[in-house]
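Please read the structure below before turning to the comments.
The values are calculated or read from the model by the stated rules, or taken from the named source; none is laboratory data. Just so we're clear, the structure is a prediction, and the values are computed from it rather than from any experiment. Virtual Cβ from ideal backbone geometry, glycine too; neighbours counted across all protein chains shown.
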Amino acid sequence: MLKKIPVEKVRQGMYLQQLCGSWLNSPFWQTSFVIDGPELVQQVRNCGVREIWIDIARGVDVVEQPADSAAQGQPASAADAPRFSFGVVENVPVAEELERAARLVNRSKEAVGAMFNEARMGRLSNVASAMPLVEDIAASVLRNPGALVSLVRLKQADDYTYLHSVAVCALMVALARKLGLDDEEVRECGMAGLLHDIGKMAVPNDILNKPGKLTDAEFGAVKGHPSAGHRLLIESDSVSPIALDVCLHHHEKYDGSGYPHGLKGEEISLHARMGAVCDVYDAITSDRPYKAGWCPAESLRKMAEWTKAGHFDPVIFAAFVKCIGIYPVGTLVRLKSGRLGVVLDNTKSLLQPLVRVFFSTKSTSYIPPETIDLALPGLQESIAAREDAAAWNFPDVDRYWLTAA
Ligand SMILES: [Fe+2]
Ligand SMILES: [Fe+2]
């Protein structure tokens with residue numbers, strides 16, 4: 001539905017249908033587009049027209065201020081509102097955060113399940129009520145990303161849809177923080193992660209979980225989920241432009257080969273480029289009904305290849321690796337001494353993490369588990385290589401970091 005609005009009411013997430021003025025003098029190369037970032041908001045405000053047409057079926061609407069808000073001394077616009085703050089968050093070791101994170105994962109699964117059930121009925125009544133959950137997930141990630149992020153990676157195939165949303169929420173928070181975004185934006189990125197796949201409710205489960213290649217028609221149905229989710233979110237209350245944008249564009253690829261709009265490079269917003277990286281990392285590290293997940297370090301290696309091939313923004317991918325580590329929690333590594341161990345925590349040092357060793361390659365036998373801090377000064381021990389747990393036939397290397405507390 002088209003609506004004419006004064007240009008000063010432009011905000012991020014609107015779909016600009018047309019400027020009310022000569023297009024020839026405008027600085028924009030497209031006639032219609034999503035206003036997907038603060039820079040574009042400013043450009044539209046400064047482009048020399050007084051009014052624009054927006055399509056509120058394809059983007060967010062204006063925010064109407066109560067007539068007497070200024071008189072009552074209330075903030076005149078969202079930009080003037082008090083910003084959200086996480087305050088001072090103290091880092092804790094993974095082992096200390098695990099129990100709290102496990103409780104949070106259970107709570108999240110229920111809450112996201114309820115939200116997805118609502119979506120299945122074709123409506124979302126109160127998305128904002130999920131924000132306290134997003135804030136709790138963010139607080140856990142800020143204390144130590146390794147705990148919650150690694151726990152949700154271990155999700156059962158049955159829980160995939162709900163816990164994938166929780167994982168992407170957590171990863172978005174960690175990445176947003178690494179990129180230096182402010183607390184309010186970090187929180188909105190978390191919410192965007194939680195909601196990004198809400199449109200999957202429109203895709204039949206047997207297609208989502210189908211082993212093997214999808215037919216063209218089935219792939220077409222899957223490709224509809226960003227737009228379906230976007231439509232649902234636009235109709236609900238108080239969904240931020242960031243969440244709308246990530247929902248619609250998390251399957252765009254940096255080289256323009258993604259969907260739904262084939263956007264390329266910086267045409268894809270920062271938040272959607274972040275969403276693409278977080279989404280794929282969790283998808284490929286998770287067990288699915290048709291394939292076992294790859295280990296975290298192997299997943300990063302594959303994603304580095306895909307980045308070179310044009311899938312992800314290289315700057316965003318590099319920041320992502322810095323926040324979850326070259327050797328994420330749960331990675332099996334071989335030390336110089338020949339011992340094999342699992343990474344427990346990499347918060348103090350990405351290259352010299354805390355490792356729990358349990359196997360000797362020299363005697364090819366299990367040894368009593370021992371925790372080694374590779375960052376200790378003077379220690380004559382370091383990581384020689386990453387190892388594949390499946391190739392060693394280790395049934396469950398995750399128990400070493402899960403029970404190390
Ligand atoms: Fe998706
Ligand atoms: Fe996803």
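Sort through Gly190, Gly212, Gly180 and tell me the only one that's touching a residue at least 60 places away in the same chain (Cβ under 8 Å) and either outside any helix (DSSP H, G or I) or not aliphatic (A, V, I, L, M) (or both).
Working: Gly190 fails: touching a residue at least 60 places away in the same chain (Cβ under 8 Å); Gly180 fails: touching a residue at least 60 places away in the same chain (Cβ under 8 Å).
Of the residues listed, the single one that is touching a residue at least 60 places away in the same chain (Cβ under 8 Å) and either outside any helix (DSSP H, G or I) or not aliphatic (A, V, I, L, M) (or both) is Gly212.
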| said: What's the number of the only condition in (1) without any contact (Cβ under 8 Å) to a residue 24 or more places away in the chain; (2) away from ligand 2 (no atom under 16 Å from the Cβ); (3) in a helix (DSSP H, G or I) that Ile207 fails to meet? | reply: (2)
| field | Unique match (being within 16 Å of Asp197 (Cα to Cα) and more than 15 Å from ligand 1 (Cβ to nearest atom)) among Val321, Val239, Val315 | value | Val239
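Being within 15 Å of ligand 2 (Cβ to nearest atom), in a helix (DSSP H, G or I), crowded, with 18+ Cβ neighbours inside 10 Å and free of Cβ contacts under 8 Å to residues at least 60 places away in the same chain is true for just one of Ala276, Ala272. Which residue is that? If you could, list the steps in order and put the result at the bottom.
Working: Ala272 fails: free of Cβ contacts under 8 Å to residues at least 60 places away in the same chain.
Checking each option against the conditions leaves just Ala276.
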| Here are some conditions: (1) in contact with a helix residue (DSSP H, G or I) (Cβ under 8 Å, 6 or more places away or on another chain); (2) under 25 Å from Leu179 (Cα atoms). Ser236 meets all but one. Which one does it not meet? | (2)
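Test Ala111 against the criterion of being in the same structural domain as Pro296 (by TED's automatic domain parsing), small (Gly, Ala, Ser) and either out of contact with any Lys or Arg (no Cβ under 8 Å at 6 or more places or on another chain) or crowded, with 21+ Cβ neighbours inside 10 Å (or both), and give yes or no.
Details: in the same structural domain as Pro296 (by TED's automatic domain parsing): yes; small (Gly, Ala, Ser): yes; either out of contact with any Lys or Arg (no Cβ under 8 Å at 6 or more places or on another chain) or crowded, with 21+ Cβ neighbours inside 10 Å (or both): yes.
In short, yes.
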| message | Out of everything in the range 231-254 that is assigned to a loop (DSSP other than H, G, I, E, B) and farther than 17 Å from Met274 by Cβ, what residue ends up being modelled with the lowest pLDDT? | response | Asp237
| request: Just name the residue that is nearest to Gly229 (Cα to Cα) out of those in the range 256-308 that are within 14 Å of ligand 1 (Cβ to nearest atom) and of a type in the set (Asp, Glu). | output: Asp279
| remark: Per the filter on the range 265-313, residues under 18 Å from the mean Cα position of the chain (by Cα) and hydroxyl-bearing (Ser, Thr, Tyr) are Ser269, Tyr281, Thr285, Ser286, Ser299, Thr307
| task | Could you please give the count of residues in the range 138-173 that are within 16 Å of ligand 2 (Cβ to nearest atom), touching a helix residue (DSSP H, G or I) at 6+ places or on another chain (Cβ under 8 Å) and not charged (D, E, K, R)? | result | 15
| task | Determine which single condition Glu381 fails, assuming it passes every other condition in (1) surrounded by 14 or more Cβ atoms within 10 Å (Cβ to Cβ); (2) part of a strand (DSSP E or B). | result | (2)
